[in-house]
Amino acid sequence: MRGLQIAGRAVSTRGSLPILGNVLLRTESGRLKLTATNLEVGINVWVPAKVDDDGAITVPAKLFTDFVTSLPPGPAEMSLNVRTKTVHLRSGPYEANFKGMDAEEFPIIAVGPDKPTTRLAKSTLRRMIGEVAFVATTDDSRPVLTGVLTTFEGDKITMAAADPYRLSVRIAQLLAKVDTKLEVIIPARSLQEVQRIIEDTEDPVDIFITPNGSQVIFHTEEADLVSRVIEGQFPNYRQVIPTGKAATRIIAQREDLLQATRLASLFARDSANMLRFAVDPTAQPPLVISANAAEVGDNTAKVDATVDGQNTTIAFNSRFIADALGSLGAPEIILELGGPLAPGVLKIVGDDTYLHVVMPLRIPA
């Protein structure tokens, strides 16, 4: 059941090729291998099994998964009638027959080279994806921005995602160095599927980039995820990161800031999602977050913080701030401001491997 639920994330919901709505069942090295693909992402899952005879077939993924998920816990026996292409499944008092299609008709899923390109701890990869991938745009008019620029260099991995209003960058340590610098743009949707199927442990994930650079494979003992790579030139995101000393620097508890942002955003919904951050280092508390919707009402939240620098008032999109704060697990964050129309930069106290840049909104006169 768990194997089908993981593989099912890659089943195609579009009816262009009927076989893409199927899951491939294949015996392999004494285990049952489940495979699904939508031609953008492919997932292999290996399930422990006792194999009497080798075989392969594809069956309708939704029907097969719904049936298996509805069965009570316990063993299941499967047999294949090659002539009729029918899978017979029996579990306790329940039996079913599933009409299948030839395994040979199923698209070939890329297999990684003998040696992985590099390795990364599962927990590190999950955290990176959670902090970066949500920024990628869902607008297909600029395909490169639907992906995450992933750079492998030496013993470091850098993930960067951007849309026209924000940027998120995270650097982490690889478990195995790469000989030469590699850059690929991985679809954000593919990375979010990787995040869903790997556990939050220190076990390694092997990462393969195919020799022609067109696909990337994330491999664990239990599952593979194979994704196409987006072709194109990712924008030079470093140009939008403010340099030099910030005019105003705020240090606050992430939870306090997130709570204030979420409450104010309830009112901001009716005013173009605008949140105002009023900063006065001499006031107590020095940070006030507010939202005002003329037809609905207004809200004010006072946030304890440590502030260095100048007084300023700046406005941000409430969703962008809430998304960024919600993606982090750090207790304390830094918000650096350069003025009412300069980008805001979100950082983590004591951690220089992460930053998030968000563009401000213009406050009406």
Q | Projected area, mean over directions - region 25-177, Cα convex hull, nm² | A | 12.6 nm²
Q: Can you tell me the 0 to 90 degree angle between the C-alpha axis of helix 122-132 and the longest principal axis of the chain, rounded to 10?
A: 50 degrees
(Q) Give me the one-decimal nm value for the distance between modelled label points at residue 306 and residue 142, 7 Å along each residue's Cα-to-Cβ direction. (A) 3.7 nm
(Q) Debye calculation, C-alpha points only, no solvent: report log10 I(q)/I(0) for region 41-83 at q = 0.13, 0.18, 0.24, 0.26 Å⁻¹, in the same order as the q values. (A) -0.38, -0.76, -1.31, -1.41
Q | Anchor residue 115: lysines whose Cα lies under 18 Å away (excluding residues fewer than 8 positions away in-chain) | A | 177, 181
Q. Using the Karplus equation 6.51 cos²θ - 1.76 cosθ + 1.60 (θ = phi - 60°), what ³J(HN,Hα) coupling, rounded to whole Hz, does each residue of region 4-10 give in order, writing x for Gly and Pro?
A. 5, 5, 6, 4, x, 4, 9
Q. Which whole-Hz ³J(HN,Hα) couplings does region 147-162 yield from phi under the Karplus relation 6.51 cos²θ - 1.76 cosθ + 1.60, θ = phi - 60°, glycine and proline marked x?
A. x, 10, 6, 10, 10, 10, 8, x, 9, 10, 10, 10, 10, 9, 9, 8
**Q.** Computed Rg/Rh of the chain, alpha carbon atoms with Kirkwood Rh
**A.** 1.07
Q.
From the convex hull of the Cα coordinates of region 238-356, what is the mean projected area in square nanometres?
A. 7.1 nm²
(Q) I want the local charge near residue 145. Using Cβ-Cβ distances under 12 Å, sum +1 for each Lys or Arg and -1 for each Asp or Glu among the other residues. (A) -1
Q: Please give the net charge around residue 94, taking every other residue with its beta carbon less than 14 angstrom from that of residue 94, where Lys and Arg add +1 and Asp and Glu add -1.
A: -2
Q: Return the lysines within reach of residue 50: Cα separation strictly under 28 angstrom, same-chain partners fewer than 8 residues apart disregarded; answer none if there are no such residues.
A: 33, 62, 85, 99
**Q.** Inter-site label distance for residue 280 and residue 50 at 7 Å from Cα along Cβ, in nm
**A.** 7.7 nm
Q | Net charge over other residues, Cβ less than 15 angstrom from the Cβ of residue 41 (K, R count +1; D, E count -1) | A | +2
**Q.** Reachable lysines, given that their alpha-carbon falls under 21 Å from the alpha-carbon of residue 302 and they are not under 8 places away in the same chain
**A.** 347
Q: For the chain, find the longest principal axis of its Cα atoms and tell me its angle to the long axis of helix 254-268, 0 to 90°, nearest 10.
A: 90 degrees
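Read-outs throughout are calculated quantities, based only on the coordinates presented, and are distinct from any laboratory measurement. Keep in mind that this is a model prediction, so the values were computed, not measured. Every residue, glycine as well, gets a Cβ built from its backbone with ideal geometry; the counts of neighbours run over all protein chains shown.
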